[in-house]
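In what follows, a structure is listed as structure tokens, so that the remarks can point back to it.
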Amino acid sequence: MVLTYADRLCMILLCRAERGKNSRHKGWKHMTQTISLRDYQKDCISALASFGKGGGKRALVALPTGTGKTVVFSAMARGASGKVLVLAHREELLSQAQAEISGICPDLKVEIEQASKTASDDADVIVASVQTLAVSPHRLKKFNPADFSLIVVDEAHHATARTYIEVLNYFGLAPDVSRIIEGDIKGKEAKIATRKAFEGYKAEKSAPFLVGVTATPNRTDGVGLEYVFDDIPFSRSIRDMMDAGWLANIIGKRVGT
């Protein structure tokens, strides 16, 4: 029986299984170490699994700062049937993601692709600078899309940027907008042309599963994320997390000046 990525996500919660070291395509074994996921993190992974089983390819997750978005995609990395690519735009996000995934998944080889740092061919998880991959196409093309089953975009409200779209296009998750980027279309017209390029676009069937995570799904410039991601299968607000006791209540103080 061939397991889909969504099936493997379900196994994280239902079977509490993990891969053995160096056994990427050899199934699962009983966990000797368990991930202590909070209830909403389990619900999030379950929602993503259902989304994937329903044919969804590009999912956005909205969770407030401090509620463990990195823990969620680290748990997902453990259940991936292929390599995992985590995209971020700042150096500290890369190092944080590497440390978190390595801590939760000690059996996985997690490496960084950025500037002078180069991930090895046998890395299970590559945490990459989106600028590095977009500016250096040869570094992007050394990755075979067929080897990857999961791509994570950290701080996903940045995913409408040219750099992200170029990388996602390489993996079959976004249309080719190079003509817009390299042409004479600039500013607002470029944004409109990019949006039109996404109209009716469907991710390739063989493409990896895409998950964007963010605390701020609403951009201040009015550019929507709906053409980069198909849906938001799971979201929680700051109020939700405060009411559930996972975040401290806000205390307002008035300061006279």
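Using 0.36 nm per residue of separation minus the Cα-Cα distance, give me the extension gain between Ala215 and Asp243 in nm, one decimal. It would help to have the intermediate numbers written out before the result.
Details: separation 28, 0.36 × 28 = 10.08 nm, distance 1.72 nm.
Separation in residues times 0.36 nm, less the Cα-Cα distance, equals 8.4 nm.
How much accessible area per residue does the range 64-157 have, counting only protein heavy atoms and a probe of 1.4 Å, in square angstrom? Display every interim value, and only then the final one.
Values: 3350 Å² over 94 residues.
Solvent-accessible surface per residue comes out at 36 Å².
Which entries of Lys42/Lys205; Lys83/Lys191; Lys57/Lys142; Lys109/Lys196; Lys42/Lys196; Lys109/Lys202 have Cα-Cα distances beyond 30 Å here? Please report the intermediate quantities before stating the final value.
Details: Lys42/Lys205 26 Å; Lys83/Lys191 32 Å; Lys57/Lys142 23 Å; Lys109/Lys196 39 Å; Lys42/Lys196 36 Å; Lys109/Lys202 32 Å.
Pairs exceeding 30 Å: Lys83/Lys191; Lys109/Lys196; Lys42/Lys196; Lys109/Lys202.
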Put a dot 7 Å past each Cα toward the Cβ at Thr257 and Lys141; how far apart are the dots in nm?
-> 5.3 nm
For Ser178 and Lys53, compute 0.36 nm times the residue count separating them, minus their Cα-Cα distance, and round to one decimal in nm.
-> 41.8 nm
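Quick check: from the Cα gyration tensor, does the range 194-255 come out rounded (a/c under 1.5), prolate or oblate?
Working: a/c = 4.52, a/b = 2.02, b/c = 2.23.
Verdict is oblate for the range 194-255.
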Rounded to the nearest 0.05, FRET efficiency between Lys202 and Lys42 (Cβ-Cβ, R0 45 Å) equals 0.95
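The values are calculated or read from the model by the stated rules, or taken from the named source; none is laboratory data. Small disclaimer: the values here were computed from a predicted structure and weren't measured. Backbone-built Cβ (ideal geometry, glycine too); neighbour counts: all protein chains shown. Calculation scope for accessible area: heavy atoms of the full protein, side chains included, ligands and nucleic acids excluded. Shrake-Rupley method; radii C 1.70, N 1.55, O 1.52, S 1.80 Å.
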